[in-house]
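Taking it in order: structure first as structure tokens, then the write-up.
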Amino acid sequence: MAAGTRELTGPARPGAVFAVRELRFWLTDYRRTWRGSIYSSLLNPLLFLGAMGLGLGSLINARGDTSIGGASYLTFLAPGLLAATAMTTAVGESTYPVLASVKWVKTYQAATASPLRPADIFHGHMLFVALRLTMNCAIFLAVAAALGAVQSPWALAALPVAVLTGITFNAVIEAWAITRTRDTSFAVIFRFGMIPLFLFSGTFFPITQLPAWLRPVAYITPLWHGVALCRSLSLGTATLGGALIHVGYLVGLTAIGVTAGNRSYRRRLYV
């Protein structure tokens, strides 16, 4: 109760500074594991783009499918996988690391004994996830460019869009994950949330190929907005109006996640 009262009535404080302190903790911890993550960050785009973009893509290109706008399948696939990579990275960083910090390792409880408040802990971890997303997506984009999957200089703008897509998933899922006491529900998120989004949000084929009744469901998913904007930027077909709609949707959903996360972190850590 005293901590909660202190949060409501205490003097103004530079919240961003305290969030950076939490970020430094995550960076210190990441120093032990960064080599393994670099390898996977490099191998994933190589394997996916090589097998799906070049291998399967050669069959699709030979067929001359006009549903992908006349582009090669590699150039169609790469920006979609970029956004999907951001989603999978964000979901992974927003589930087990959060539960471990609050239940098994209890670093969150230790942090609340310091001047950090629950919102600082939440925001600090979001900053760390944003850095992980930037690293993974930058590596993916570099591999895609090396394989000839980039057609427009505007593809560079797909990097912050992919990061925003990942942050959207991070904010929403982390706001929920902090309330969990067991990890069994994470398997449900992976199997019935992340995998269907990965397959049916326009990553591998246009949404127009889905049954008409299923398309509206795909259009409201955050991954579709990220895929659509990354793809239009990479192919050089983006419009200002379309970009504003996609970005506005992702920013709005992120704001909802951050607001919910501020509350759920406070309820879980101020007991």
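Just a few scattered comments:
- Solvent exposure of the chain amounts to 49 Å² per residue of accessible area, where only protein heavy atoms count and the probe is 1.4 Å.
- Using 0.36 nm per residue and subtracting the Cα-Cα separation, the extra length available between residue 43 and residue 251 on full extension is 71.9 nm.
- When the chain is treated as a GNM with alpha-carbon contacts under 10 Å, the residue of 259, 28, 107 showing the greatest mean-square fluctuation is 28.
- Contact order normalised by residue count of the chain, Cα under 8 Å, 6+ apart, percent: 29 percent
- Across the range 91-232, Cα pairs under 8 Å and at least six residues apart give a relative contact order of 32 percent.
- Averaging over all projection directions, the Cα-based convex hull of the range 121-235 occupies 8.2 nm² in the image plane.
- GNM on the chain, alpha-carbon springs under 10 angstrom: the most fluctuating residue among 91, 105, 247 is 105.
- From the coordinates of this entry, log10 I(q)/I(0) by the Debye sum over Cα atoms at q = 0.07, 0.10 Å⁻¹ is computed, and it appears in (i) -0.22, -0.46; (ii) -0.27, -0.54; (iii) -0.41, -0.64 under the label (ii).
- Taking the accessible area of the chain, probe 1.4 Å, and keeping the other protein chains in place, the carbon and sulfur fraction comes to 69%.
- Secondary-structure-derived ellipticity at 222 nm for the chain, considering helices only, amounts to -22000 deg cm²/dmol, per-run term -39500 (n - 2.57) for DSSP H runs with n ≥ 4.
The values are calculated or read from the model by the stated rules, or taken from the named source; none is laboratory data. Model, not experiment: these values are computed from the prediction. Quick note on the areas: whole protein, heavy atoms, side chains included, nothing else; ligands and nucleic acids left out. Shrake-Rupley method; radii C 1.70, N 1.55, O 1.52, S 1.80 Å.
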